[in-house]
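J.: Below is one structure. I have some questions about it.
The values are calculated or read from the model by the stated rules, or taken from the named source; none is laboratory data. Not measured: the values here are computed from a predicted model. Using ideal geometry, Cβ is built from the backbone for each residue, glycine included, and neighbour counts are taken over all protein chains shown. Ligands, DNA and RNA are excluded from the accessible area calculation, which covers all protein heavy atoms including side chains. Shrake-Rupley method; radii C 1.70, N 1.55, O 1.52, S 1.80 Å.
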Amino acid sequence: MVKFGMVCAAALAVAAPAAAQDLVPYDAVENWEILVDPTLGNGCLMMSEFEDGSTVRIGFDPSAEQAYVTAFNDAWGSIEEGKVYPIGFTLDGEAYTGEATGMYLDGVPGADVMFDNEDFLVDIAARQTMTLSNEGGEVMSIDLSHSADALLQVIACQEAQ
């Protein structure tokens with residue numbers, strides 16, 4: 001497995017991508033919405049909902065100089081707010097390990113992965129499938145179609161802020 005750089009941020013910074021309720025629309029690319037999060041220093045993100053019930057946000061937190069992947073799914077149930085969990089990502093078969101912090105958005109359980117290597121976003125966007133797993137096995141598998149084009153719009157959005 002390839003280990004990617006993770007940074008454990010303070011509880012407020014980690015919770016911020018999920019807590020943002022006032023996302024500002026910027027653009028859309030196919031199945032991805034491009035949004036601005038004023039609570040994260042006008043960080044831009046891409047967000048989509050998937051067939052398995054997952055909602056995924058991928059974006060930048062300029063206030064913390066980090067990027068993130070946050071996912072929510074009602075089926076995840078017993079996540080503890082603020083608890084750090086070991087996780088694995090598989091991007092088209094290439095494995096990465098890291099840590100996710102448990103959180104909730106409107107009562108929906110989720111996991112927030114913060115990282116300081118923004119090149120990892122490019123790696124995600126260049127792939128077709130992302131799978132997220134925990135100690136119990138796979139918890140999410142999503143189609144990353146159009147994510148490369150969406151990430152270009154997220155970058156343009158961020159440059160405009």
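J.: Looking only at the stretch 146-161, which residues are closer than 25 Å to residue 93 by Cβ and in contact with a strand residue (DSSP E or B) (Cβ under 9 Å, 6 or more places away or on another chain)?
T.: 146, 147, 149, 150, 151, 152, 154
J.: Residues in the stretch 125-145 that are part of a loop (DSSP other than H, G, I, E, B) and either closer than 19 Å to residue 67 by Cα or of a type in the set (Val, Ile, Thr) (or both): how many?
T.: Qualifying residue count for the region: 3.
J.: Further question on the same structure: If I ask for residues that are within 16 Å of residue 137 (Cα to Cα) and under 15 Å from the mean Cα position of the chain (by Cα), which ones from the stretch 86-109 would you list?
T.: 87, 88, 89, 90, 91, 96, 97, 98, 99, 100
J.: Moving to a separate point now. Among the numbered conditions (1) surrounded by 17 or more Cβ atoms within 10 Å (Cβ to Cβ); (2) in contact with a Phe, Trp or Tyr (Cβ under 7 Å, 6 or more places away or on another chain); (3) at pLDDT below 95; (4) over 15 Å from residue 142 (Cβ atoms), tell me where residue 113 comes up short.
T.: Every listed condition holds for residue 113 apart from (4).
J.: Let me ask another. Name the pairs whose Cβ atoms lie under 7 Å apart, with the first residue in the stretch 125-154 and farther than 15 Å from residue 100 by Cβ and free of Cβ contacts under 8 Å to residues at least 12 places away in the same chain, the second open to solvent by 10 Å² or more (accessible area, probe 1.4 Å) and part of a helix (DSSP H, G or I), and 6 or more positions between them or separate chains?
T.: none
J.: On to the next question. Looking only at the stretch 77-86, decide whether some residue is closer than 25 Å to residue 29 by Cα and assigned to a strand (DSSP E or B).
T.: no
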